[in-house]
Amino acid sequence: MGSLRMHKRLAGQGAGLAALPHTLSEAFPNCPTDASAVGFALSRLPRTQAPVLWVQDRLSRKEAGRPALAGISGDRPIIMVDLSRAVDVLWAMEDGLRCRALGAVIGEIWGDPPGLDFTATKRLAIRAEAADVSCWLIRRAASPDLSAARDRWRIASLPSAPHPHDPQAPGAPRWSLDLFRSRRVKPGKWVATYDGAADRLHLAAPTRDRAVEPGDGALRERAAG
Amino acid sequence: MERCGNAPPDDVPVVLAREGHHGPVIHAANRAARIDGIHPGSRVVDMRAICPELQVEYADVAGDHAALDRLVLWARRWCPWTARDGDDGLILDTTGADHLWGGEAAMLVEMETQLSLLGLTARLAVASTWGAAWALARFGSVRSICGPGEAHFKLGPLPVSGLRLDPKTQLVLRRLGLKTIGAVMDVPRLSLTRRFVKAELAANPLMRLDQALGKLAEPVSSMDAKPVIRAQARLAEPIFDPTPHLPGLCEDLCDQLKHAGLGCRRLHLTVYKTDGDVSYVDVATSAPNRDPAHLHSLFRDKVERINPGFGFDLITLAAGAIEEMQDKQTRLDGGSDDDLHLTRLIDRLSAKFGPRAVTRPVLRQSHVPERAEAQIAALANRPDEVVVLTKERPLRLLDHPEELRVLYAVPEGPPARFVWRRQTHRVARYTGPERIAPEWWKDRPGTRLRDYFKVEDQTGRRLWLYREGLHEDGRGGDPRWFVHGMFA
């Protein structure tokens, strides 16, 4: 019954997330060379043809590479801004969030620069909500300190799904998602399988089941199950 | 249009060549080469057989056109109405302007002097019609002047090529025995009309003749120079900071632009210092613009770069790269225009961080991963290149592939265990190889091929590795392994 509750909540949350206004989300990859956070952020972007403003600081570019257009599904134009300092990245993101023609703003910041504090994230979040443009801040080698981001995710790669034709080959990517702080929905942990061809994310409960919750076994739920 | 600085000596036959259907053909020849029997339009190899010491240079046709267009504007010193005539001529409407230079003959001498000071050889003629001037300049005597009633006599002895006809018609006329313009004039009009009734202008000797004799009008349409739009502030006392004057200058400039229906893509701010020095700041926009507030904001961090010295007393703001710009209303309720916001965002970002920091990646047709992507300007049009992606590609690419240290190599496939960035990875699953051969038409000889593998390590990280080269491929020692990208 625990997994049933989980599935129901996930289903509700999926619909709810789509209806929620776009805002600032932070993603913390568990290791800097892990591209899962970028993949997850891209999969959550709205399905439009509006251009994406992608701002990177120098260390992110050097340590974790640049986004490769050939690996990104969809035909979205990307406007790359290569900067050196984190304060410039924040400035460019804030400026980009004033432009409603953009589909999304993605920023990559390395470490914990002094400019990236609660005030900076709050400015980003308020601007993103005012312009209704989704904004992702991907923070590598960073500690999840005080931040005004509405959703904060910890994301790591997991061994991929079995390949349908080749048992030796890695299949569809799997990520472990940990929504450890959120203002809008209840935090939780999921295992996501990304279907690149359909650009869809399949969420599942983590393999370890949770403890049975006291509300389980109510009359309505039994009828529904 | 060869400048005198690198002109070859007159006695050496030199030709300019351009690409033809069957190899290079001669575009132009100098006097020595023409004397040796070399004529434009023939193939370079044939002419080399005639004249073995021939020197061949490639012609820059587009550069010649651009230079001629600049020369058109330069020639307005003599008269206000000038135009380019074909690939190698200028036409100047000097009606009412010759007396300023002391008559037509003196004007021609003056023109020839000035053009020779530029390093150009010119053949000049004055006539009452475009066609007559064309023929006299090319086939007439030096600096010939043809009055209003003299065209009939002056043109008569000239060859029939002076009628601006296409080569085919010239051949027809030569075969008919009509070798001079006078011979064509003597043919009855009715016969010529009947023979060339359906011919185009360029193939119709009668119409060309009428144009040369002034019976058929041929107006000269002069091209307009771009207007110079500039605002300036003259100051009573030298100052050190132009910032307080910028909003006024921007508004003045934008008023002028709006009045002319134009927008600018470049702004040049120049300050003239009291010690005679000049310093300037340039900003650029990604789309034509004439909004004073926006143009002013582009100067925000740049004005500090001006070195004021002992102060300056004149500031000018000039608009460059002027383009037509119409006012657009995209929404009936007069709301904001989304596109405009995007162009302004790009302007702000490029003004602050430099135009090279703001780019847009586009796909290119290449198998080599680092060449499969090109950077273009953020709002440039996408090139019409259809790129079909067949293989799975990583989400992130490293700018420079990083070499890894193999701990445990296996005969086939990627290494079973390797160290990258001081971490040991054990390959759990892999797919590949995908062999990407070097592009021999671009790469240096000796570039090794690459075998790409997508590997997944024990923690689930998916990397894109490649082995550079093969064992015993004769292009270096043992193959090395690199990490090139990360899959999601």
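Since every read-out is calculated from the coordinates, none of them should be taken as a lab result. The structure presented is a predicted model; accordingly, all values stated were derived computationally and were not measured. We place every Cβ from the backbone using ideal geometry, glycine too, and count neighbours over all the protein chains shown.
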Towards the positive end of the charge dipole of segment B:187-290, with charges on Cβ (+1 Lys, Arg; -1 Asp, Glu), say which of B:209, B:261, B:243 has the farthest Cα.
-> B:209
For residue B:226, go through the lysines and keep the ones whose alpha-carbon is under 24 Å away, minus same-chain ones fewer than eight residues off.
-> B:258, B:328
Residues other than residue B:407 with Cβ under 10 Å of its Cβ, Lys/Arg counted +1 and Asp/Glu -1, net out at +3
Can you tell me the equivalent ellipsoid semi-axes for the protein assembly as shown? Use √(5λ) from the Cα gyration tensor, largest first, whole Å.
-> 68, 36, 25
Shielding score for A:155-163, defined as the mean number of other chain Cβ atoms within 10 Å | 4
Using the eigenvalues of the Cα gyration tensor, what equivalent ellipsoid semi-axes result for segment A:56-122 when each is taken as the square root of five times the eigenvalue, whole Å, largest first?
-> 21, 17, 9
Once you list every other residue whose beta carbon is under 15 Å from the beta carbon of residue B:295, what net charge do they have if Lys and Arg are +1 and Asp and Glu are -1?
-> +2
Rounded to the nearest 20 Debye, what is the dipole magnitude of segment A:69-176 about its Cα centre when Lys and Arg each give +1 and Asp and Glu each give -1 at the C-beta?
-> 220
Magnitude of the charge dipole, chain B, Cβ model with Lys/Arg +1 and Asp/Glu -1, debye to 20 = 1460
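Mind checking the full-extension length gain between residue B:389 and residue B:449? Use 0.36 nm per residue of separation minus the Cα-Cα distance, one decimal, nm. Please list the in-between numbers first.
Working: separation 60, 0.36 × 60 = 21.60 nm, distance 2.01 nm.
Gain on extension, residue B:389 to residue B:449, equals 19.6 nm.
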Please work out how much length the chain gains when fully extended from residue B:142 to residue B:95, using 0.36 nm per residue of separation minus the C-alpha to C-alpha distance, in nm with one decimal.
-> 14.9 nm
Could you work out how far helix B:104-117 tilts from the main Cα principal axis of chain B, as a 0 to 90 degree angle to the nearest 10?
-> 30
Separation in nanometres of the label points that stand 7 Å from Cα toward Cβ, at residue B:221 and residue B:293 | 4.1
Among the lysines, which have Cα under 17 Å from the Cα of residue B:302 when same-chain residues fewer than 8 positions away are ignored?
-> B:352
Treating cross-link reach as a plain straight distance, find the lysines whose alpha-carbon is under 18 Å from the alpha-carbon of residue B:454, omitting any fewer than eight places away in the same chain.
-> B:391
Mind running the shape call on segment B:310-452? Use the C-alpha gyration tensor, a ≥ b ≥ c as the square roots of the eigenvalues: rounded below 1.5 for a/c, prolate if a/b tops b/c, oblate otherwise.
-> prolate
Would you mind getting me the FRET efficiency between residue B:321 and residue B:61? Use the beta-carbon distance for r and R0 = 25 Å, nearest 0.05.
-> 0.50
Considering the Cα trace of chain B, what is its radius of gyration and what is Dmax, both in angstroms?
-> 33.4, 98
Spin-label pair residue A:119/residue B:440, simplified geometry with 7 Å Cα→Cβ offset, distance in nm = 6.3
So what is the calculated 222 nm ellipticity per residue for chain B, using -39500 (n - 2.57) for each DSSP H run with n of 4 or more, over all residues, to the nearest 500 deg cm²/dmol?
-> -7500 deg cm²/dmol
Per residue of A:82-94, other chain Cβ atoms within 10 Å number on average 2
Using 0.36 nm per residue, how much length does the chain from residue B:194 to residue B:428 gain when fully extended, once their Cα-Cα distance is taken away?
-> 75.4 nm
For peptide B:393-402, compute the average count of partner chain beta-carbon atoms within 10 Å of each residue's beta-carbon.
-> 6
Expressed in angstrom and rounded, the centroid-to-centroid distance over alpha carbons for segment A:49-88 and segment B:424-488 is 24
Taking every other residue with Cβ under 10 Å from the Cβ of residue B:211 and scoring Lys and Arg +1, Asp and Glu -1, one gets +1
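Rounded, prolate or oblate, given the Cα gyration tensor of segment A:28-155, with a/c below 1.5 counting as rounded?
Values: a/c = 1.43, a/b = 1.08, b/c = 1.32.
Here segment A:28-155 falls in the rounded category.
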Under the 7 Å Cα-to-Cβ spin-label approximation, residue B:12 and residue A:185 lie apart by a distance in nanometres of 7.7
